[in-house]
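Coordinate-derived values only; no laboratory data. The shown structure was predicted, so the numbers you read here are calculated from the model rather than taken from an experiment. Cβ coordinates were reconstructed from backbone atoms using ideal geometry, including for glycine residues, and neighbour counts include every protein chain displayed.
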Amino acid sequence: MSPRAILFDIYGTLIRSTASDLHPDPRLREIIARHHAASPYPHPEIDIRDIHAELHPTLSPHEIETLAREHEERCNPVDPMPGAAATLRQLSAKGIRLGLISNAQCHTAPILEQTLGFTRAELGIDPTLQVFSYLERRAKPDTHLFEIPRDLLAHQGIAAHDVLYVGNDVRNDIAPARASGFRTALFAGDATSLRLRGKSLENSGADLVITDLLQLIAL
């Protein structure tokens, strides 16, 4: 049966990360580690704006957000994954609900839009099906991030087995998506982004393996 909804990871799936060797300020790492240690969750996440605000207490919220994005763009430059925008727009045109589940920060969605050349609305991404780790203060592979859209879709008559989750990471994407009842597609089209975590493509646990995002159109 064709999926009624398809949810996507962002980094390594819709956009390719070309992270440089420019490491964060040691003070950033220290503050992040402190925030993680104080979290009650097994896979904690921070809002990077809080971290920069501790380092730069005289800056305004707008200045903090600008600083955070500039830092991200220096440390983690990105390119569009081939076929990403076309895939999303064609799937949306077929009436398939689209969403995002990502380890992300406040700048991730704007960077995604800038990189793909379309707004999320133009790409057909449902505003109610976007789950970002910095807002939940929990990161993948925490299944909490997958349970939010699963439960929302269930209330709208779309069962978990009618949802496909697409990601490039066996541990952070495939395993928690399966545990949440979703069908899964491992994106293996970019060798630098693929995260098998000691598995092979054959035993990754994914229901299917794709090497081109446009293959999803055939579903």
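Using a/c under 1.5 as the rounded threshold, could you call the stretch 86-190 rounded, prolate or oblate? The axes a ≥ b ≥ c are square roots of the C-alpha gyration tensor eigenvalues, and prolate needs a/b larger than b/c, oblate otherwise. Judged from the Cα gyration tensor, the stretch 86-190 comes out rounded (a/c under 1.5). Match the structure shown to one of the listed values [x] 15.8, 48; [y] 18.3, 60; [z] 17.3, 55 of Rg and Dmax of the Cα atoms in Å, computed from it, and give that label. Working out Rg and Dmax of the Cα atoms in Å from the coordinates points to [z].
Between E122 and S60, full extension at 0.36 nm per residue minus the direct alpha carbon distance yields a gain of 19.2 nm.
When the chain is fully extended, how far beyond the present Cα-Cα distance does A159 get from T211, taking 0.36 nm per residue of separation?
On the way: separation 52, 0.36 × 52 = 18.72 nm, distance 2.64 nm.
Stretched out fully, the A159 to T211 stretch lengthens by 16.1 nm.
Less than 14 Å Cβ to Cβ from A33, Lys/Arg counted +1 and Asp/Glu -1: what total charge do the surrounding residues give? Every neighbour counted, the sum reads -2.
Calculate the dipole size of the chain relative to its Cα centre from +1 charges on Lys and Arg beta carbons and -1 charges on Asp and Glu beta carbons; express the result in debye to the nearest 20.
Value, rounded to 20: 560 debye.
Considering only Cα atoms, the convex hull volume of the stretch 165-219 works out to 68 Å³ per residue.
Which residues make up the longest stretch of the chain that has no trypsin sites (Lys or Arg not before Pro) in a DSSP loop with at most 12 other Cβ atoms within 10 Å? Longest site-free region, per DSSP loop and neighbour criteria: 95-196. Restricting the calculation to Cα atoms, every distinct pair contributes to the Kirkwood radius of the stretch 26-75, found to be 11.5 Å.
Express in nm, to one decimal, how much length is gained between S200 and H36 on full extension, taking 0.36 nm for each residue of separation and deducting their alpha carbon distance. Spell out each step's value before the answer.
Details: separation 164, 0.36 × 164 = 59.04 nm, distance 3.11 nm.
55.9 nm is the gain from fully extending S200 to H36.
Helix-only arithmetic for the chain: the sum of -39500 (n - 2.57) across DSSP H runs with n ≥ 4, divided by the residue total, places the mean residue ellipticity at 222 nm at -10500 deg cm²/dmol.
For E113, the shell of other residues with beta-carbons less than 11 Å away shows a net charge of 0, using +1 for Lys and Arg and -1 for Asp and Glu. Near R16, within a Cβ-to-Cβ distance under 11 Å, what is the net charge of the other residues, with Lys and Arg +1 and Asp and Glu -1? Net charge in that neighbourhood comes out at -2. Put a plus charge on the Cβ of each Lys and Arg, a minus charge on the Cβ of each Asp and Glu, and nothing anywhere else: the dipole of the stretch 65-121 about its Cα centre is then about 400 debye.
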